[in-house]
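In what follows, a single structure is set out as structure tokens and then discussed.
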Amino acid sequence: MPEPLPDWLTPLPDAERMRAIDRWAIDEQGVPSLDLMERAGAGLAEAVVRHAGPGRLVVVCGKGNNGGDGLVAARLLRESGREVTVLGIAGLEGLKGDAAENLRRLPGPAPEPFDPGRLEGCSGTVDALLGTGSSGEPRGEVAEAIVAIAACPAPVIAADMPSGVDASTGEVAGVAVRATATATFHAAKPGLWINPGKRHAGEVTVIDIGIPPGAPMTADVGLIGPAVRALIPRREPGSTKFTSGHVLVAGGSRGLTGAPSLASEAAMRAGAGYVTACVPASLNLVFETRLLEVMTRPLPDREGGLLEEAAGEVVAQAERRGGALAVGPGLGREEGAVAFARHVAGQSPVPLVLDADGLNAHAGRLEALAGRSAPGVLTPHAGELGRLLERESADIEAHRLVSAREAASRARAVIVLKGDDTIVAAPDGRAGVSPGGSRALATAGTGDVLTGVVAAMLAKRLDAFDAACAAVWVHSRAGALAADRRGAEGVIASDVIAELPRALVE
């Protein structure tokens with residue numbers, strides 16, 4: 001079982017845990033379930049008012065409690081003077097419990113059987129079909145309703161979860177509602193922050209539905225926020241360049257000198273006190289010219305590509321200096337470079353970050369990393385993780401959380417699956433998810449920047465999971481700050497590096 005989430009992560013309970021929270025409130029705390037539904041529906045109605053236009057509204061209800069939430073919203077909207085058409089799957093026959101009671105309370109016209117034509121001309125649609133209570137591919141009339149909602153140009157407000165999105169993983173097995181906004185109840189769910197579900201959720205608002213304090217808020221997935229910065233050691237008056245952390249960056253090849261340079265500079269700006277770039281000897285002048293604050297260590301190479309015999313020097317340097325080691329930026333995929341990456345990764349005694357061609361060198365052989373004595377962090381994008389797991393990148397994108405966790409388990413290392421929803425997965429199953437939102441990071445070199453930041457955090461002796469989560473948040477925040485200064489479309493990787501100090505301390 002995973003360890004409990006640290007308190008700097010905001011818990012994202014999955015569907016099963018959310019049901020347990022509801023049962024605790026109802027059975028142990030005596031909160032009437034009807035009251036929970038009333039507050040959920042009221043929050044949903046408020047979201048509709050914020051996001052929908054002034055004309056006729058349509059609420060599409062399923063047969064479960066999610067449909068009951070929609071019925072509460074429909075009643076409150078009608079009582080406020082709005083024109084609301086309620087459409088029900090199979091006419092809402094067979095509703096039970098609280099949902100049936102809210103059907104009885106609904107004023108005005110009775111719900112109609114679902115008809116796609118009734119969506120035409122509306123100013124907003126409420127998706128109250130499935131919520132968190134389903135997984136897998138929607139079928140039958142529910143699937144038809146989802147397709148019709150998707151074809152309607154009006155804003156869509158989802159109740160708890162966009163229908164068709166798995167609340168626990170963000171996976172979309174078939175058709176799914178693409179909402180303008182989602183009013184989610186008590187707590188956000190992983191599927192609202194993990195793609196492809198995140199792309200379907202729109203603006204997420206968490207609605208307080210009256211769960212009492214002290215609820216068993218267990219989760220193994222959490223949202224990374226600014227509180228993670230409290231973990232990062234700060235330079236004290238007596239600190240030196242050595243106590244601030246030493247980072248080794250090993251990589252570079254002909255035509256690819258920028259990547260290790262960016263990683264090295266990022267490690268410095270993220271607070272490392274001493275950085276050494278281990279680079280091909282024939283290209284050393286390039287690095288000496290560019291990296292004023294970074295030491296270089298020329299290594300044996302052939303025509304600009306590192307050779308396996310250079311690996312021993314890097315391992316020895318790591319043994320002597322300590323700190324953390326980043327392997328892969330700009331390394332290339334020549335036979336010597338691949339052997340170099342495997343040797344260094346297997347033998348280095350310090351915390352390791354593997355990125356880019358350091359990852360490609362381990363394609364299909366993740367288990368080779370599991371025997372390392374020191375912690376490891378791997379920072380793949382979907383294509384690189386696909387090569388590691390020997391799957392298509394599309395499969396990784398469709399199952400991001402599951403894929404990251406599998407790789408973490410097999411490598412016995414922390415996986416940072418990059419994206420707008422960057423996922424940090426630990427071998428024990430815990431996961432942190434970045435809120436993302438920084439379009440500025442969609443440019444070449446920002447992955448190398450992240451590698452340098454992770455290495456700096458590891459060099460400060462942070463736990464690998466903590467270091468990766470802290471680096472992901474600081475990196476994303478620096479991207480946002482760079483966008484504020486330059487405009488998102490014009491940001492380049494060095495702009496992100498320049499904003500790292502502000503992201504660390506603002």
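Some values worked out for this structure:
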item: Burial ordering of 58, 449, fewest other beta-carbon atoms within 10 Å first; result: 58, 449
item: Per-residue Cβ neighbour rank within 10 angstrom, fewest leading, 241, 63; result: 241, 63
item: In degrees, nearest ten, helix 400-411 long axis to first principal axis of the chain (Cα); result: 40 degrees
item: Per-residue [θ]222 nm for the chain (sum of -39500 (n - 2.57) over DSSP H runs n ≥ 4, rounded to 500); result: -11500 deg cm²/dmol
item: Nearest-ten-degree value, helix 258-269 long axis tilted from longest Cα axis of the chain; result: 80 degrees
item: Amide hydrogen neighbours beyond the local backbone of residue 326, cut-off 5 Å, H modeled; result: 248, 249, 250, 353
item: Separation of the residue 16 and residue 135 label points, Cα + 7 Å toward Cβ, nm; result: 0.7 nm
item: The stretch 9-222: relative contact order in percent, alpha carbon pairs under 8 Å with at least 6 residues between; result: 26 percent
item: Relative contact order [Cα under 8 Å, 6+ residues apart], the stretch 232-279, whole percent; result: 48 percent
item: Proximal lysines relative to residue 189, as straight alpha-carbon distance under 22 Å, when same-chain residues fewer than 8 apart are discounted; result: 63, 198, 418
item: Cα radius of gyration and Dmax for the stretch 362-456 (Å); result: 12.7, 37
item: D_trans [Stokes-Einstein, Kirkwood Rh over alpha-carbon pairs] for the stretch 238-505, 10 °C, 1.306 mPa s, µm² s⁻¹; result: 89 µm²/s
item: Potential lengthening between residue 390 and residue 35 on full extension [0.36 nm per residue; Cα-Cα distance subtracted]; result: 122.9 nm
item: Antiparallel %, DSSP beta bridges [both residues in the stretch 238-505], to 5; result: 25 percent
item: Rounded FRET efficiency, nearest 0.05, which uses the C-beta distance separating residue 199 from residue 293 and R0 of 35 Å; result: 0.30
item: The chain, dipole about Cα centre (Lys/Arg Cβ +1, Asp/Glu Cβ -1), debye to the nearest 20; result: 920 debye
item: Sequence-separation-based contact order of the chain, relative, with Cα cut under 8 Å and 6+ spacing, percent; result: 13 percent
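Here, each number is a calculation from the coordinates, and none is a lab measurement. What you are looking at is a predicted structure, and each value in this text was computed from that prediction instead of being measured. Backbone-built Cβ (ideal geometry, glycine too); neighbour counts: all protein chains shown.
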